[in-house]
Each structure stands twice: as C-alpha cells, then as structure tokens.
Amino acid sequence: MNLLDEGVKNGAVIKTSLAKKFSIDGTTQVFPVYRIRLDLLYFNNQNNRISTWLSQYRSEHNGELPSIEDKEAYNSIIEDYIIKSNPEAIKRTETNIELVEQREAGVVLADGRIIDGNRRFTCLRHLAKKSEKYNAFEAIILDRDIEKSAKQIKLLELAIQHGEESRVDYNPIEELVGIYHDIEETKLVTAEEYARSCNINVKEVKQSLDNARLLNEFLEYINAPGQYYIARDLDIVSSLDALNNLLKKSMDDETKEKAKICVFTNIIMHTGADLRAFVRNINKVANSEYFDEYIQEQLPIAEKVANLLPVFGESNTETITENIRSHSDIRVDLEDSLEKNLYKAKKKETRNIPAKNIAKAKELLEDIDINILKKLDSFELEDIKKS
C-alpha cells in the first residue's frame with residue numbers, strides 16, 4: 001500500500017495541521033505530518049542497527065530471516081530486540097508519550113518503512129494495546145522507493161541517526177557494521193559521503209572502516225562470519241581500535257597476521273579486565289626487541305584456543321563465554337606471557353634512559369651558538385655558570 005495514495009483514501013492515513021522542516025537531496029523543505037495507523041508501518045530491515053539484531057535472529061533460526069510480508073510477526077521480532085537493547089530508554093519514551101503524547105514526528109517511506117522513529121513506534125505499539133488513541137504514528141511521508149532511491153535514503157538515515165541525541169546510544173559495533181556494509185560491501189556511499197552525512201572527519205570514517213575489516217576477520221576466525229551480535233555481546237570495539245594502531249607499525253605481512261591471531265586469541269579468552277589496555281601493552285612490547293619472542297610464545301597457546309572453537313554455524317556468545325573462556329589455565333598462560341615480555345621491555349627501556357638522557361644533553365649542548373655567548377655581559381655569564 002502507498003500511504004499517500006490508498007492510505008489517505010481509506011482513512012488509515014490522516015493529514016494533520018502540523019508540519020516538519022526537513023532536508024533531503026540538499027534541499028530543505030517543509031513536509032506535512034500525517035497520523036498513520038500502526039499496522040501499516042514496519043521496521044526498516046536495511047537499518048544498520050536492525051540488521052545487527054537480525055544477524056542474531058538468523059543465527060538462532062538456521063539462517064532464516066523473518067518475512068516482512070507478515071508485518072505484525074516481523075515487527076514483533078524486531079520490537080523484542082529493540083526493547084532488550086535498552087529497556088530503560090524504552091520505558092522513559094513510553095512514559096513521556098503517555099504524559100504529553102508523541103511530540104517529535106518520525107520519517108517513513110510511502111510503503112510504510114520507518115526511516116526514523118523506531119523507539120517511538122515501539123512504544124506506541126505497546127500503548128495501543130491499552131488504548132486505541134495511541135494506534136497511530138505521526139510522521140512525514142517521503143514518496144521514495146528504497147530500491148530506486150537507496151543512496152539518498154541511506155544518506156538521510158545516516159544524518160538522522162548520527163544526530164546529537166541519537167549518536168549517544170548508538171552501539172559502536174552497529175556503527176562499524178553500517179560503515180562496512182555501506183562503503184565496502186554495497187559501495188552505496190563513499191567514505192567522503194558517509195563523513196559528510198554524519199558530520200564527522202573522513203579520517204575517522206576510514207579508521208572505523210579498518211576496524212570494521214578487523215571485526216569481520218575476527219568473526220571469520222571464530223567461525224561466525226556475519227554474526228555481528230557476538231562482537232556486540234563481547235564488547236570488542238576498543239580492542240579492535242588498538243589492534244588497528246598496532247598493525248600500522250612497521251612489520252612485514254607475516255608478522256601482522258601472527259599479531260592478529262595473538263590479539264584475536266586474547267579477545268576470545270578476555271585476557272585482563274580491560275581489552276584495550278591489554279592491546280596497549282602489546283604495543284609496548286612491539287616497540288621492543290622482545291616482540292618476536294612474545295609472538296612465538298603466544299602462537300602455541302592460540303592453537304589450543306583455535307581447537308576449542310565450534311565449527312561453522314555453531315559459534316555464538318554462549319559457546320565462547322561458557323565453553324572457551326572457562327579454560328582459566330589458558331588465560332593465565334596468555335597473561336603470563338604478556339607480563340613477562342612487558343616486564344623485560346620496560347626493564348630494557350629503564351636501562352636505556354641514562355644513555356638517552358646523555359645523548360639528548362649532548363645534542364642540546366651542540367646546538368648552543370658560541371657567538372651568542374660572546375655578546376652576553378658579565379652578569380648573564382655568571383648566571384649561566386651558576387646554572
């Protein structure tokens with residue numbers, strides 16, 4: 001059903017006296033706000049956040065995805081994930097709508113696909129079970145086709161979702177998934193277009209794209225390609241960022257691959273309380289002469305962990321947290337290896353401090369212009385002698 005055609009004609013979509021100023025395709029326009037009956041709307045399966053949740057559904061249902069044909073069943077599945085992701089925020093929004101009704105209009109496409117307003121839509125669905133007065137979602141309607149206007153809609157969605165308020169509760173994994181999907185997989189947008197829409201630096205986008213590539217490599221390593229919810233549950237974003245910085249150091253491709261395996265293994269085993277701090281410590285070892293020694297100690301332990309990994313299709317959050325991380329002896333071996341080499345690297349650095357200070361002092365002395373000394377008076381020369 002086209003909401004602006006059949007929906008308006010049969011009374012399921014009603015134009016209100018409200019309007020919303022909105023920018024699309026580089027032009028700011030004023031759009032009328034409509035009250036749209038809830039059963040005509042559905043969550044956008046191409047939304048990056050929702051696609052991450054759907055990866056979990058697919059994992060739990062033999063690779064199957066819910067069909068959008070049955071809107072109610074489909075919406076109920078997505079709604080469940082939305083509530084679980086932030087139940088407190090849902091409760092606050094629902095309470096607010098009960099008190100003052102829906103204050104901010106959403107954005108939907110003419111076929112009922114929601115581009116902005118997932119949380120409000122979820123709350124209204126809940127409230128509508130108690131009172132018919134909540135059985136409508138206020139939104140502007142864009143007469144666009146997701147197939148023909150995919151790029152414009154994606155840029156619009158990015159601009160909305162990365163606004164000041166929305167960005168706060170946007171899961172970092174979902175951001176990486178979106179960047180990877182939109183720039184690398186579908187090539188729907190460029191890094192520059194993505195940065196412009198989100199009002200962020202291109203360099204930041206490219207760093208995130210590198211992190212997203214590492215994210216996908218990690219999921220492939222644990223035999224769970226595309227199962228982004230696992231990375232979300234394990235909260236591995238900060239360690240990926242630190243690993244990215246480690247790989248930028250001067251090392252050959254073979255060493256980089258070995259370094260990845262070591263870090264992936266420690267992520268799986270959750271070595272240390274703070275994974276980001278753990279990778280920072282590896283960086284310190286990488287700056288020393290003990291990095292190769294550390295790598296060679298880690299690889300046999302990594303092989304043990306690799307042998308514990310479930311086969312393709314059976315890897316999930318539970319198998320990692322309960323069946324693999326329970327091997328505390330392996331985690332202790334990983335931690336001991338890092339601590340030993342980190343200690344040696346720090347000790348070597350401490351021994352080198354006097355020599356470095358002497359070299360620095362020599363360099364500073366050599367930089368002194370003797371001719372300047374000749375121009376100083378006796379008082380200034382005396383101050384130099386005292387110092």
Completion exercise
Stretched fully, the stretch from residue 98 through residue 68 gains (0.36 nm per residue minus C-alpha distance, one decimal, in nm) 7.9 nm
Fill in the blank from the handout: A 1.4 Å probe over the protein heavy atoms gives the chain a carbon and sulfur accessible-area percentage of 49
Handout entry: the chain, helix-only ellipticity at 222 nm - DSSP H runs n ≥ 4, -39,500 (n - 2.57), divided by all residues, nearest 500
Key = -18500 deg cm²/dmol
Problem - Calculated Cα extents along the principal axes in Å (choose from (i) 70, 49, 41; (ii) 94, 65, 39; (iii) 95, 48, 33), label - result: (ii)
Problem - Reachable lysines from residue 248, criterion Cα separation under 16 angstrom, eight or more residues apart if same chain - result: 203, 206, 256, 258, 260, 284
Fill in the blank from the handout: In whole Hz, the Karplus estimates of ³J(HN,Hα) for segment 316-327 (6.51, -1.76, 1.60; θ = phi - 60°; x where Gly or Pro) are 8, 4, 5, 5, 6, 6, 9, 9, 9, 5, 6, 7
Problem - Summed side-chain charge close to residue 157 - residues other than residue 157 whose Cβ falls under 11 Å, Lys, Arg +1, Asp, Glu -1 - result: +2
Exercise for the section: Using a 10 angstrom cutoff on alpha carbons, build the Gaussian network for the chain and name the most mobile of 117, 26, 313. Expected result: 26
Fill in the blank from the handout: The ³J(HN,Hα) series, computed from each phi in segment 100-105 with the Karplus coefficients 6.51, -1.76 and 1.60 at θ = phi - 60°, rounded to the nearest Hz and given as x for glycine or proline, is 10, 6, 6, 9, 10, 6
Practice task
Report the far tail of the P(r) of segment 46-105, meaning the percent of Cα-Cα pairs longer than 15 Å.
Solution key: 61
Problem - Top of 13, 30, 177 by mean-square fluctuation, Gaussian network on the chain, Cα under 10 Å - result: 30
Practice task
Take the chain, connect every pair of alpha-carbon atoms lying under 10 Å apart with a spring to form a Gaussian network, then pick out the residue of 311, 202, 33 with the largest mean-square fluctuation.
Solution key: 311
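The values are calculated or read from the model by the stated rules, or taken from the named source; none is laboratory data. Nothing here was measured: the structure is a model prediction, and the numbers come from that model. Neighbour counts are summed over all protein chains in view; Cβ atoms, including those assigned to glycine, are modelled from backbone coordinates with ideal geometry. When the accessible area is computed, the model is the full protein with side chains, heavy atoms only, and any ligands, DNA or RNA have been set aside. Shrake-Rupley method; radii C 1.70, N 1.55, O 1.52, S 1.80 Å.
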